[in-house]
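I have placed the structure first, in the form of structure tokens, so that the comments after it can refer back to it.
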Amino acid sequence: MTAKRIARLVALAAATLVSATAMAQDAKPVSEAEKNYQAGGSPLAEVPMYQSTNPKAPKMTQAEFDRARQIYFERCAGCHGVLRKGATGKPLTPDVTLPKGTDYLKVFIAYGSPAGMPNWQTSGEFDEATVDLMARYIQQDPPTPPEWSLADAKNTWKVIVPPDQRPKKKMNKYNLDNIFSTTLRDTGEVALIDGDTKQIWGIVKTGYAVHISRVSKSGRYVYVIGRDGKVDLIDMWYEKPTIVATLKVGIEARSVEVSKAKGYEDKYAIAGSYWPPQYVITEGDTLKPLKLMSTRGVTVDGEYHPEPRVASIVATEGKPEFVVNVKETGMIKLVDYSDIKNLKETTIESAKFLHDGGWDSTKRYFLVAANASDKVAVVDTKTGKLAALVSTKPKPHPGRGANFKHPTFGPVWATSHLGSDVITLIGTDPVKHPKNAWKVVAELKNHGSGSLFVKTHPKSSNLWADAPLNPEPEVAESVTVYDLKNLSRTPEVINIAKLAGLPETKAVKRAVHAEYNAAGDEVWFSIWAGKTDPSAIVVMDDKTRKLKHVIKDPKLITPTGKFNILNTQHDIYEGRRAGRAGVTPPACRLRG
């Protein structure tokens, strides 16, 4: 593209909505981790779809359309939605894109925007021809992926080992409480790692890029779900971890959970899909699909949304109920599973773009981030009502969050942030500390934005926070540690990736997802490197904050989430009582 051509397109874009010159100045390179987090490798990229011919749209061949569709689902759908109706990103439907025209759209795609649109061409991810292709594609009618019915799910259901043929007692000598179910993202596998010996006990083939592992109430089974909607039930009573049942609940998915209420322990499992937007309730020990419920409906703003994806799901222990968070509508569904045939849903309005969250220390209140709305919704599962909607700094992303007792504000729940360099503390005790309940009572300075997880433990006096999606390599490689005994003390920043001792490569080695061992005296971090690069898990001594062990193995490819069996089984993420207060710690101290 010539300089004259670029200048003309920049002027054209400036005459419409935004200045393309400002885009070019403010745009940052697109990190591989950010692309993967938003939409990388969507299974929908390979699904055949109908191409609707819009006579007003620019011409495209079938081959061009198919290639652009694959790129869209791999790079764009996570923000803009499967049907391009908009999610965390703006709508890209023809009524929006056709009036803009190809030239404007090419500039917007090439240069990005300060509001968060990646600069696909100037970052080197797209060439000029690809930018032109995508500018024409988003003016076409969006193709619609196929639906996935209960019959479709039943056709994929397999009981590999029936419950009555499984071991009657544990056939191995492993301490199952201290096993870590570890996602090997790019190989479509889960590694079960022995926390006592730091050795891989076994690797099982699962769905693609397992998003989460959940543990049965009994502690025997691990439920995992891949992005491709495949749920696997892993039995840990065998000599080696063994998949005993499998089911595909949709074409793309993220969440799975198992029932925990008294009398219903492990009786049911539930899995939520991104596409189609729905959840499926199954038998807990066989994964037999029993009930499918769509989540399509009206948003909190009163507008119909055709693809509200199911985000996080948790099970309450006090009653037979799943808490199902529906991303685009901002609706939280309390699903009463006591009568599957006559299923009851209580729908709670909160805020759009719900994502992940965790329990307060009493496990009565569930706090879930509506990250693109910059809010945290608080659900009272005892009354079945919204307790509060708390405004925060941009894009809270807590994982499960972290609970501890603040010396001034009482019990608090902490969340990290994708869009801000703070850890937000929200008061969670409406009985003894009513003035602080459901309010932001303090913000701790993190070493950067781009954080995904914050974590502590009942036996720890530390609070750990990562920042793996920060564009600065040093920041993405490091974690911040806060002293809960003295929050006025300068937090310590440790470069975890350097402690791993991995060879230098082009890909940033991102330290992600703190997870405690069962004893609460070790903190494990994944080193998320490129899929062809060596990776590792770094084990830190929680008390001394010194390196204790590095787990390296050629089979350990792109480890991300790690889920300790005991901590996951009982949702343990509460720390000790904090000591001296410190709302604004001084500048972080760097080590590593």
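Couple of notes before you dig in:
- Exclusive hit being on the phi < 0 side of the Ramachandran plot, at pLDDT below 95 and not small (Gly, Ala, Ser), set Val508, Val493, Val479, Val523: Val508
- Residues in the stretch 175-200 that are surrounded by fewer than 20 Cβ atoms within 10 Å (Cβ to Cβ) and hydroxyl-bearing (Ser, Thr, Tyr) were compared, and the one that is nearest to the chain's Cα centre (by Cα) is Thr187.
- Residue within the stretch 439-451 that is among the acidic types (Asp, Glu), buried (at least 21 other Cβ atoms within 10 Å of the Cβ) and not in a loop (DSSP other than H, G, I, E, B) present: no
- Look at (1) outside any loop (DSSP other than H, G, I, E, B); (2) open to solvent by 60 Å² or more (accessible area, probe 1.4 Å); (3) at pLDDT 75 or above and you find that Phe65 fails only one, number (2).
- The one condition in (1) buried (at least 23 other Cβ atoms within 10 Å of the Cβ); (2) closer than 19 Å to Thr329 by Cα; (3) over 19 Å from the mean Cα position of the chain (by Cα); (4) among the polar types (S, T, N, Q) that Ser255 fails to fulfil: (3)
- Qualifying residue in the stretch 538-555 (condition: part of a strand (DSSP E or B), open to solvent by 30 Å² or more (accessible area, probe 1.4 Å), at pLDDT 95 or above and more than 24 Å from Leu176 (Cβ to Cβ)): yes
- Of all residues in the stretch 230-249, those satisfying the criterion of being closer than 18 Å to Tyr279 by Cβ and open to solvent by 30 Å² or more (accessible area, probe 1.4 Å) are Lys230, Lys248.
- Subset of the stretch 517-537 [part of a loop (DSSP other than H, G, I, E, B) and of a type in the set (Val, Ile, Thr)]: Thr532
- Restricting attention to the stretch 561-583, the residues being at pLDDT 80 or above and touching a strand residue (DSSP E or B) at 6+ places or on another chain (Cβ under 7 Å) number 10.
- Search result, residues across the stretch 468-484 that are in contact with a helix residue (DSSP H, G or I) (Cβ under 6 Å, 6 or more places away or on another chain), in contact (Cβ under 8 Å) with a residue 24 or more places away in the chain and either open to solvent by 10 Å² or more (accessible area, probe 1.4 Å) or not β-branched (Val, Ile, Thr) (or both): Pro468, Leu469, Glu477
- Any chance Thr505 is open to solvent by 10 Å² or more (accessible area, probe 1.4 Å), in a loop (DSSP other than H, G, I, E, B), out of contact with any strand residue (DSSP E or B) (no Cβ under 6 Å at 6 or more places or on another chain) and not hydrophobic (A, V, I, L, M, F, W, C): yes
- All conditions in (1) open to solvent by less than 20 Å² (accessible area, probe 1.4 Å); (2) closer than 21 Å to Tyr274 by Cα; (3) in contact (Cβ under 8 Å) with a residue 40 or more places away in the chain hold for Pro308, with the sole exception of (3).
- Any hit, the stretch 179-198, residues being among the polar types (S, T, N, Q) and closer than 21 Å to Pro289 by Cβ: no
- Elements of the type strands (runs of 3 or more DSSP E) sitting completely within the stretch 326-434 and holding at least 1 residues that are surrounded by fewer than 21 Cβ atoms within 10 Å (Cβ to Cβ) and among the charged types (D, E, K, R): these cover 331-336, 344-349, 375-380, 385-391, 402-406.
- Enumeration of residues in the stretch 252-268 that are closer than 18 Å to His570 by Cβ and free of Cβ contacts under 8 Å to residues at least 60 places away in the same chain: Val256, Val258, Lys260, Lys262, Glu265, Asp266
- Among (1) touching a strand residue (DSSP E or B) at 6+ places or on another chain (Cβ under 7 Å); (2) farther than 17 Å from Gly357 by Cβ, the one test that Pro473 misses: (1)
- Looking across the stretch 62-111 at every residue that is among the aromatic types (Phe, Trp, Tyr) and over 29 Å from the mean Cα position of the chain (by Cα), the one that is nearest to Trp275 (Cα to Cα) is identified as Phe65.
- Pair list, Cβ < 9 Å and 6+ apart or interchain, from the stretch 432-452 residues that are within 20 Å of His513 (Cα to Cα) to residues that are among the aromatic types (Phe, Trp, Tyr) and open to solvent by 10 Å² or more (accessible area, probe 1.4 Å): Leu452/Tyr37
- Looking across the stretch 452-467, just one residue is outside any loop (DSSP other than H, G, I, E, B) and open to solvent by 20 Å² or more (accessible area, probe 1.4 Å), and that is Lys455.
- Of all the residues in the stretch 556-577, those that are open to solvent by 30 Å² or more (accessible area, probe 1.4 Å) and of a type in the set (Lys, Arg) number 2.
- Enumerated helices (runs of 4 or more DSSP H) restricted to the stretch 89-170, each holding at least 3 residues that are under 26 Å from Pro58 (Cα atoms): 94-100, 102-111, 128-137
- Taken over the stretch 264-298, the criterion of being farther than 13 Å from Val231 by Cβ, out of contact with any Gly (no Cβ under 8 Å at 6 or more places or on another chain), of a type outside the set (S, T, N, Q) and in a strand (DSSP E or B) is satisfied by Leu290, Lys291, Leu292, Met293, Gly297, Val298.
- Condition broken by Lys531, with the remaining ones in (1) surrounded by fewer than 19 Cβ atoms within 10 Å (Cβ to Cβ); (2) over 19 Å from Ala209 (Cβ atoms) satisfied: (2)
- Looking across the stretch 201-226 at every residue that is open to solvent by 40 Å² or more (accessible area, probe 1.4 Å) and part of a strand (DSSP E or B), the one that is farthest from Ile537 (Cα to Cα) is identified as Lys205.
- Within the stretch 312-325, considering residues that are open to solvent by 10 Å² or more (accessible area, probe 1.4 Å) and in contact with a strand residue (DSSP E or B) (Cβ under 7 Å, 6 or more places away or on another chain), the one farthest from Ser255 (Cα to Cα): Pro320
The values are calculated or read from the model by the stated rules, or taken from the named source; none is laboratory data. What you are looking at is a predicted structure, and each value in this text was computed from that prediction instead of being measured. No Cβ is skipped: glycine too gets one built from the backbone with ideal geometry, and neighbour counts run over all protein chains shown. Ligands, DNA and RNA are excluded from the accessible area calculation, which covers all protein heavy atoms including side chains. Shrake-Rupley method; radii C 1.70, N 1.55, O 1.52, S 1.80 Å.
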